[in-house]
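Since the structure comes first, as structure tokens, the remarks are kept for the end.
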Amino acid sequence: MRSLRNIYAVMRREMRRIWAYKPYFMLLTVLPIVSFLFFTAIFESGIPHNLPIAVLDEDHSVLSRKLTDMIDAAPEAEVRYEITDIDEGERLMREGKVHAIVQIPSFFEKNILSNTPAHVEGYISGDNVLTNGLISKDLLTTVTTFGTGVQLQIMMKQGLTEKQAMAQAMPVRFDKHVLFNPYTNYGYYLSPSFMPMMIMIFVVLATVFAIGSELRYSTAREWIEAAEGSLFRAMTGKLLPVFMSMTLMALLMFFLLFDVINVPLNGSFTMLFVGCVVFIVSYMGISIFIIGLTADMRLAMSLGGGYSVMAFSLSGLTFPVMAMFKGIQLFSYIFPFTYFTDMIVDQALRGAPAAYSIPDLCCMAAFQILPLLVLPRLRRIALDSSYWGKM
């Protein structure tokens, strides 16, 4: 009971500090919510639509207009400009007004009707990988469909049945099955990584501030004395409000992911929630380790922020870990974020059994060793006034 009273006393003291210092309060409540709503607004539609392109129609025939209409009807592309020469298209591309230029050559219809190959040229800006991929896919699909349709019409006029014409036009067919994200929805792919990344950043900043501010404002002895000299009770009472706030933010994150953005949940939500709790605790442990080593709030926040931001690049979500250099592959495993993104992909998209995520759970839990290494030093600096007052 005495331990619980000490923890409660420290927690009450921390709640008063949170309410009194508005940036600290915003760090635990307002800013996470704003960041979640920001990413929800971005990824709710899932796939970019109506990306502007320009068409240079040098033929002005029935078939060239038909092809232009088919390109405009494609879901990701929109024919925003019909230009008169390639120079105009290059100018629009340099100004960022279009992402691609499609050039339909002269004698396009004549060549098709005389069974002569006709080439449609596409110039695609490569400055954005996402739009480049979407427009390339749309243009290739549209032109291939158009060409196949023309071939079918010609062969059917020559006396072949539709089945025979289809067999000659497409003798080999590729049947593709996308298993876990069949709509190639970028909301399903990016929002389950960006939102946990924001939780990670706010956990690190809030934990470092909670402990570091006691040193900065020379109140560390008062904090320890509130727990009657027990660092464990002092740490528990101090970090419980941070933990509870971030856990509530995690529940809000899951609501937005699965009920607003409609990311599929094919696996175990229980395992995913437990993983998120361990994820939060692991980054709190890392933050304790950093502030214990540095004894400087500003330096600890800089190191913690840098460490957190690096996690996304090395998680393997955008660039596969298996394709990285061996040394970088090993480096990617020092971030709990790597294991948590694996859990989200396994449980949300792949629908893997919950047991498959236990190794990731254990790896994240292993980061709790770090704060144990610095607790003696943290107690010493909390009671030594020479460490106090640093910015």
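The values are calculated or read from the model by the stated rules, or taken from the named source; none is laboratory data. Keep in mind that this is a model prediction, so the values were computed, not measured. Using ideal geometry, Cβ is built from the backbone for each residue, glycine included, and neighbour counts are taken over all protein chains shown. Heads up: the accessible areas ignore ligands, DNA and RNA and are worked out on the full protein's heavy atoms, side chains in. Shrake-Rupley method; radii C 1.70, N 1.55, O 1.52, S 1.80 Å.
For region 1-94, the equivalent ellipsoid built from the Cα gyration tensor has semi-axes of 62, 15, 7 Å, listed from largest to smallest. Taking the helices alone, the chain has a mean residue ellipticity at 222 nm of -20500 deg cm²/dmol, built from -39,500 (n - 2.57) per DSSP H run of at least 4 residues and averaged over all its residues. For region 209-327, list log₁₀ I(q)/I(0) at each q in 0.13, 0.19, 0.20 Å⁻¹, using the Debye formula over Cα point scatterers of equal strength and ignoring solvent, two decimals each. Ignoring solvent entirely, the Cα scatterers give -0.71, -1.15, -1.20. Each Lys and Arg contributes +1 and each Asp and Glu -1, all at the Cβ; summed about the Cα centre of the chain, the dipole is approximately 2300 debye. Projecting the Cα atoms of Phe107, Ser125, Met93 onto the dipole axis of region 51-169, where Lys and Arg carry +1 and Asp and Glu carry -1 at the beta carbon, places Phe107 farthest toward the positive end. Its Cα gyration tensor gives region 51-169 an equivalent ellipsoid. The semi-axes, each the square root of 5 times an eigenvalue, are 29, 16, 10 Å from largest down. Solvent-accessible area assigned to carbon and sulfur over the chain amounts to 63 percent, based on a 1.4 Å probe.
Mean-square fluctuations from a GNM of the chain, with a 10 angstrom spring cutoff on Cα atoms, peak among Pro48, Pro75, Pro192 at Pro75. Averaging the sequence gap over all C-alpha pairs within less than 8 Å and six or more residues apart, then dividing by the number of residues, gives region 51-169 a relative contact order of 27 percent. For the residues Thr40, Thr84, Thr29, a GNM of the chain with alpha-carbon springs under 10 Å puts the largest fluctuation on Thr84.
Bridge orientation summary for the chain: considering DSSP beta bridges with both residues in this region, about 30 percent are antiparallel. What you get for region 51-169, charging only the Cβ of Lys and Arg (+1) and of Asp and Glu (-1), is a dipole of about 500 debye around the Cα centre. When only Cα pairs below 8 angstrom with a gap of at least 6 residues are kept, the chain shows a relative contact order of 20 percent. Just checking the listed ones, Asn50, Asn185, Asn266: in the Gaussian network model of the chain with Cα springs under 10 Å, the one fluctuating most is Asn50.
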